[in-house]
Amino acid sequence: MLWKPYIPKTGLVGLTGPSDTGKSTLLRQLAISICQRNIEFLGKPLNVESANVVCISTEDGKEAVSASISKQLTGVDPKTVKNLKFIFNDGDPKEVLKNILKTEKVDLVIVDAWADLYIGNTNDVGQVRKSLNALSRISEKYGCAIIILHHTVKNSEYHTPNKNRLNGSQGIEAKLRALIEVRQGDNEERVLSILKGNYIPGDKKHKSMILKFDEEKLLFHATGKEIEKNSILQREGHSFMDDAELAGLIVSLKRDDNLSFEKIRDRLVSERGEDAPSLTTIKNIYYRFAGQNAA
């Protein structure tokens, strides 16, 4: 395993989850750890060989990536990640990737996001398999893991984590050797779950890892805590999503008072202290309930 028990040395892996949970940020942090030859990532073993990572970035451009990486490297010598390469959406990213892999050994390739490289209907299983087979052949030929970022269906965060909630054809999940989900937890927490793993023991699949997310430095931290995957929706923090009074206040502050989400968060912190919802949860509550009210 490259990152035990989540990512094998070779093969296709998927990272999914609701929007605004830090999926791209998590992958960049993983890339940094590999380039720095760390022996673990978020408390789990990391087995680095070449310390080279290539990231195909289609959603974020050079400026956005540079800003994010700079925050994540606060106080760290940038030379420690000199082996981290980014391919932006110029020409054919897959051809650029192949040219790199012909001359360099790479531990991990990140595709953020796969849907932007894919041409066709994501519900067409034949087209999906053809696209993913091409990536799988690259992984096997050059001996590296490839992780693709792909989105879940709308409102998936209101259901128990499930591999069948990927957006598009079931053929996407079928071609992946492993599938990981990250979603919002209590306050600044994120929950990392294994949705599929061909070589992962069953007991590992039933456990979800609790992470702490620092929104200022854009870094995830291990908490050492795990929970049963099927209990995620019953956790106390998810009561925020069912708090009609809180939702009404957030919608009112946003619509009527024209406050930014950051200002709303500051107000709730002043009133509730540690019991205030996170910035991401506030956004999720607003978009969920504002949409309902509009309907």
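The values are calculated or read from the model by the stated rules, or taken from the named source; none is laboratory data. These numbers were taken from a predicted model, which means no experiment stands behind them. Cβ coordinates were reconstructed from backbone atoms using ideal geometry, including for glycine residues, and neighbour counts include every protein chain displayed.
When residue 159 is tested against the conditions (1) touching a residue at least 60 places away in the same chain (Cβ under 8 Å); (2) within 28 Å of residue 69 (Cβ to Cβ); (3) not charged (D, E, K, R), the lone failure is (2). Considering 264, 210, 194, the condition of being β-branched (Val, Ile, Thr), farther than 27 Å from residue 136 by Cβ and in contact with a Lys or Arg (Cβ under 6 Å, 6 or more places away or on another chain) is satisfied by 210 alone. Assess whether residue 70 counts as being touching a strand residue (DSSP E or B) at 6+ places or on another chain (Cβ under 6 Å) and among the small types (Gly, Ala, Ser). So residue 70 fails the test.
Looking at 79, 102, just one residue is more than 20 Å from residue 30 (Cα to Cα) and either loosely packed, with under 13 Cβ neighbours inside 10 Å or under 19 Å from the mean Cα position of the chain (by Cα) (or both), and that residue is 102. For residue 250, the test of being modelled with pLDDT of 75 or more, aliphatic (A, V, I, L, M) and part of a helix (DSSP H, G or I) is passed. Screening residue 212 with (1) modelled with pLDDT under 90; (2) of a type in the set (D, E, K, R); (3) touching a strand residue (DSSP E or B) at 6+ places or on another chain (Cβ under 7 Å); (4) within 21 Å of residue 22 (Cβ to Cβ) gives one miss only, at (1). Of the numbered criteria (1) surrounded by 13 or more Cβ atoms within 10 Å (Cβ to Cβ); (2) of a type outside the set (Asp, Glu); (3) at pLDDT 90 or above; (4) part of a helix (DSSP H, G or I), the one residue 259 fails is (4). Checked against (1) free of Cβ contacts under 8 Å to residues at least 60 places away in the same chain; (2) surrounded by 13 or more Cβ atoms within 10 Å (Cβ to Cβ); (3) out of contact with any strand residue (DSSP E or B) (no Cβ under 9 Å at 6 or more places or on another chain), residue 143 meets all criteria but (1). Checked against the criterion of being in a loop (DSSP other than H, G, I, E, B), on the phi > 0 side of the Ramachandran plot and out of contact with any Lys or Arg (no Cβ under 8 Å at 6 or more places or on another chain), the stretch 31-41 contains one or more residues that satisfy it.
Yes or no: residue 173 touching a Leu at 6+ places or on another chain (Cβ under 7 Å) and either at pLDDT 85 or above or assigned to a strand (DSSP E or B) (or both)? Considered against the rule, which asks whether it is touching a Leu at 6+ places or on another chain (Cβ under 7 Å) and either at pLDDT 85 or above or assigned to a strand (DSSP E or B) (or both), residue 173 comes out as yes. What is the number of the single condition among (1) under 23 Å from residue 2 (Cβ atoms); (2) part of a loop (DSSP other than H, G, I, E, B) that residue 194 does not meet? So residue 194 meets the others, but not (2). Under the condition of being within 19 Å of the chain's Cα centre (by Cα) and farther than 13 Å from residue 28 by Cα, which residue from the stretch 82-99 is modelled with the lowest pLDDT? The residue in question is 88. If you go through the stretch 42-93 and keep only what is within 17 Å of residue 112 (Cβ to Cβ), assigned to a loop (DSSP other than H, G, I, E, B) and charged (D, E, K, R), you end up with 59, 60, 90, 92.
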